[in-house]
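No lab work stands behind these numbers, since they all come straight from the coordinates. All of these numbers come straight from a predicted model, not from anything done at the bench. Cβ placement follows ideal geometry from the backbone for every residue including glycine, while neighbour counts extend to all protein chains displayed.
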Amino acid sequence: MVSTNLRPPIVNVHEIISEVMVMIRPVAMRYNATVTVNLTDLEAQACIYADEIRLHEIILNLITNACKYGAGTINIAAFNENELIIITVTDNGQSLTPDQLNLMWQPFSRISADHY
């Protein structure tokens with residue numbers, strides 16, 4: 001009988017965000033964006049079960065979109081809350097309308113660039 005482990009590997013959140021920051025630097029420069037990171041409320045060894053590649057992609061995509069469509073300042077933070085690790089990416093760009101938020105979850109849909 002073959003045994004398969006379906007549990008994702010353990011990854012360090014600090015390391016993931018640090019690696020993404022190196023990758024995002026040229027994008028931020030291209031869009032004249034300032035990216036700040038706040039991990040002070042997260043233990044240095046804070047780890048989660050996650051697909052490391054997908055987590056990189058998700059965080060990188062959020063920051064890239066914030067650089068492209070935000071208004072210059074992007075903040076990344078991670079903190080513990082009720083035994084969870086919360087990762088946030090915020091910018092000071094224009095917010096989406098409720099209709100645009102609903103459209104965002106439909107596959108292959110794009111929100112008009114006029115919004116920005």
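So which residues in the range 76-114 are in a loop (DSSP other than H, G, I, E, B), under 26 Å from V11 (Cα atoms) and touching a residue at least 12 places away in the same chain (Cβ under 8 Å)?
Step one: of the range 76-114, the residues in a loop (DSSP other than H, G, I, E, B) are 82-83, 92-97, 105-112.
Restricting the remaining residues to those that are under 26 Å from V11 (Cα atoms) gives 82-83.
Listed by number, the list is empty, since nothing qualifies.
Can you give me the number of residues within the range 19-37 that are touching a residue at least 24 places away in the same chain (Cβ under 8 Å) and more than 13 Å from the chain's Cα centre (by Cα)?
Qualifying residue count, the range 19-37: 7.
Taking into account only those residues within the range 41-59 that are assigned to a helix (DSSP H, G or I) and exposed (fewer than 12 other Cβ atoms within 10 Å of the Cβ), which is nearest to the chain's Cα centre (by Cα)?
Top of the filtered list is R54.
Could you list all residues from the range 63-116 that are of a type in the set (K, R) and surrounded by 14 or more Cβ atoms within 10 Å (Cβ to Cβ)?
Listed by number, the list holds a single entry, K68.
Being surrounded by 11 or more Cβ atoms within 10 Å (Cβ to Cβ), part of a helix (DSSP H, G or I) and among the hydroxyl-bearing types (S, T, Y), is that true of even one residue in the range 13-36?
Checking the range 13-36: at least one residue is surrounded by 11 or more Cβ atoms within 10 Å (Cβ to Cβ), part of a helix (DSSP H, G or I) and among the hydroxyl-bearing types (S, T, Y).
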